[in-house]
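Below is one structure, written out as structure tokens; comments come after it.
Where a number appears in this text, it was derived from the coordinates with a stated rule and is not lab data. Fair warning: this is a prediction, and the values are worked out from it, not measured in the lab. In this analysis, Cβ positions are derived from the backbone assuming ideal geometry, glycine residues included, and neighbour counts consider all displayed protein chains.
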Number of protein chains: 2
Amino acid sequence: MANNKPTLHDVAKVADVSIATVSNVLNNKSTELGIKTKQKVLDAIEKLNYEPNHFARSLKTGQSNLIVFIVPDQNPFFTEILTELNNECQKHHLHVAVVSSEENELKQQALIETFIGQNVSAIILVPVKSRLNLKKEWHQTPILTIDRKIYGEALPSISVDNEKAAFNATQRIVDSTSENIGLLLANPDISTTSERKRGYELALAKNNITIDQQLIYYSNQQLGTDAQIDSGYHATRALIYQGVRAIVATNHLLLLGALQAIKESGKKITEDIIIVGFDDSYWNEIYTPKLSVISQPTKEIGRVAGEMIHNLIQGKAVASVELSTKLLIRESCSFVSDKSF
Amino acid sequence: MANNKPTLHDVAKVADVSIATVSNVLNNKSTELGIKTKQKVLDAIEKLNYEPNHFARSLKTGQSNLIVFIVPDQNPFFTEILTELNNECQKHHLHVAVVSSEENELKQQALIETFIGQNVSAIILVPVKSRLNLKKEWHQTPILTIDRKIYGEALPSISVDNEKAAFNATQRIVDSTSENIGLLLANPDISTTSERKRGYELALAKNNITIDQQLIYYSNQQLGTDAQIDSGYHATRALIYQGVRAIVATNHLLLLGALQAIKESGKKITEDIIIVGFDDSYWNEIYTPKLSVISQPTKEIGRVAGEMIHNLIQGKAVASVELSTKLLIRESCSFVSDKSF
């Protein structure tokens, strides 16, 4: 099929002009060409349904048309955002390249510098920490943060209602039990962690449940993806030892580690423990029991990020956006015994 | 912690020289400097345990030190390779950027052209098809293919023993049943698909089982990740309707779709159907029943790819490599009734 696609040569042949002439028309360098010649080329383009290779063309015009998406780890949450971001960017003839900082601040800095040096059109950043030293040389390149926010810098951001999300997850748990509700958190230095922790605490306070700091576990994300799954696993083992009855796991990797620890312990979800995670995935639906989670609007984040980046590149002002999460109630957040009521 | 890291300024201060002098020493432009001055700088570097920013430095030397990894979809298999590839490349001060062709040959072509135009140091390609039109302008940039092979071009490649892998998976199934063994395959135009299909057919032939083409399903990958999960789902629904007793799912996304269809049908793995998938993941261990899969050596692929790319960039010749897979036998590939023997 690809072979049937019309080329520059085909257009030149049909219009009966040189390839250079077609190229001049495509690049708007046709001032010196007669109107008649230009029309012949445009007719041929229409007749053949020719699509110029915008990517190759952009190279000649000196724009990289390349967006770099700096993620902190290999959480599938970012992969889902990427899918829609790719779709949106394709409309604007922008390519998205993904790189991972592996939660390392120095690597993040090196990546930003490398890609600004590569003349990328813009950077989408999931920052490793909630502070960032913006260098003066960076100001020429638009930077958009998503998921996690940077405090004290006026960078545009796309985030979600993290506090409300964790509040809703915890409230759903409290509807079934008020005893020993554990909380699994990521790195303390990121905005999503503090916001989700606050949501959990607010829900407990609202229900007059004492907040027990010994049931709250942070993870050491410094080593990236595996370290975070591992943190969820070890924290859950500890929580089980403490007699935990319910767990709120505030991201996909922590949930994964928690499920592993629960499975190994011989405890049964919905019988001994209930759990609400964060981030939807295909596995949540096919797991037994089906997993209740806070679903983040990954598609919308990707789409809005693509739009905002496109506007930023064109020099337009953009406003930060906060999107809504949704609690997906499946089987894992109720005790089987509750059903007998 | 990051703030305690010594800077170029600190080195200059300790050595009692200018920043320009330190920079000259770091960039091996110290021929005009006295040996004594050079030694003072090196002593200060050692004393402070100063690590120069190789990435920023490489920019000044004109090398991009950027590797682009072109994947066809968001299969976690590639994410796992990436983790180790990142580790290996970091040793050589190379950054890895990932882009997705979404199984689209034209997009793949545009990506290769864009990044060669960006002066990337090398390309790691998981090709969309088993043929590739290598352009003359591309020859200056090393291209390494991984996972899938290109036929008819002398590109170095890293692959696995796909035929043997599918043979082993199918043989393990045949040990439990010889009836209605379905096969879920990806796109027919890629090398891994034809090799895995051959392994399945060889195993059936060896056991005198007639190959039934109606039990073999290809997927339409054109739309990327979701389309592939969907293909696995619909093929499995059809197979269940055909009275399938066992399924070999030749990648992670197809397996995911198959599990969804089986769960929805009310059939039970190990009671009604047995299954062997491809590609290991955290979920395989925590799923009920635990999932048997062909495990590909993702870490080794990532590590070897990093080494090969480093050699290619340095102009060294490299030989293609075929790595070994492993059948991980868990619960999903045996009928519960078998255990009563």
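General observations
- Two-decimal log10 I(q)/I(0) for chain A, as the Debye equation yields it once each C-alpha is a single scatterer, q = 0.08, 0.09, 0.12 Å⁻¹: -0.50, -0.59, -0.86
- Copy-to-copy label distances for residue B:139, where each label lies 7 Å from Cα along Cα-to-Cβ, are 4.7 nm in order of increasing length.
- Distances, shortest first, from the label point of residue A:153 to those at the same position in the other copies read 3.9 nm; the point lies 7 Å along Cα to C-beta.
- Ranked from largest, the principal axis spans of the Cα set of the protein assembly as shown equal 79, 64, 54 Å.
- Helix B:105-117 axis, angle to chain B major axis (alpha carbon atoms, nearest 10°): 10 degrees
- Using θ = phi - 60° in the Karplus curve 6.51 cos²θ - 1.76 cosθ + 1.60, the 3J(HN,Hα) couplings for region A:229-241 round to 4, 4, 4, x, 5, 5, 4, 5, 4, 5, 4, 4, 4 Hz; x is entered for Gly and Pro.
- Label point 7 Å beyond Cα along the C-beta direction, distances from residue B:20 to other copies (nm, shortest first): 4.6
- Region A:295-341-region B:265-321 distance, computed between alpha-carbon centres (Å): 30 Å
- Considering only A:276, A:14, A:160, the mean-square fluctuation computed in a Gaussian network model of chain A, springs between alpha carbons under 10 angstrom, is largest for A:14.
- Legend: ranking of residues A:320, B:219, A:121 from fewest to most surrounding C-beta atoms inside 10 Å; resulting order A:320, A:121, B:219.
- Sites residue B:47 and residue B:307, calculated FRET efficiency, Cβ-Cβ separation with R0 35 Å, nearest 0.05: 0.60
- Over chain B: helical MRE at 222 nm, DSSP H runs n ≥ 4 each giving -39500 (n - 2.57), nearest 500: -13500 deg cm²/dmol
- Comparing B:202, B:228, B:253 along the charge dipole axis of region B:169-290, the residue lying farthest to the positive side is B:202, per the Cβ-charge model.
- Reachable lysines, given that their alpha-carbon falls under 19 Å from the alpha-carbon of residue A:316 and they are not under 8 places away in the same chain: A:91
- Between helix A:76-91 and chain A: long-axis angle, C-alpha atoms, 0 to 90°, nearest 10: 20 degrees
- Inter-label distance, nm, simple model (7 Å from Cα along the C-beta direction), residue A:267/residue A:137: 5.1 nm
- Pairwise centroid distance, computed over Cα atoms, of region B:146-202 with region A:66-117, Å: 32 Å
- Footprinting exposure proxy for A:173, A:216 (fewest neighbouring C-beta atoms within 10 Å first): A:216, A:173
- Which listed pairs, of B:136/B:197; A:263/B:267; A:267/B:290, have C-alpha distances above 24 Å, in listed order: B:136/B:197
- Spin-label model distance (nm) - residue B:8 vs residue A:198, 7 Å beyond Cα toward Cβ: 3.9 nm
- Estimated distance in nm for a label pair at residue A:93 and residue A:175, the labels positioned 7 Å out from Cα along Cα-to-Cβ: 5.1 nm
- About the Cα centre, charge dipole magnitude for chain B (Lys/Arg +1, Asp/Glu -1 at Cβ), debye: 800 debye
- Annotation: peptides B:229-236, B:86-93, B:148-155, ranked by per-residue average of other Cβ atoms within 10 Å with the highest first, follow the order B:229-236, B:86-93, B:148-155.
- Only one residue of B:176, A:177, A:34 has its Cα farthest out toward the positive end of the dipole of the protein assembly as shown, where Lys and Arg carry +1 and Asp and Glu -1 on Cβ, and that residue is A:34.
- Taking the Cα centre of region A:134-223 as origin and assigning +1 to Lys and Arg Cβ atoms and -1 to Asp and Glu Cβ atoms, the resulting dipole is close to 180 debye.
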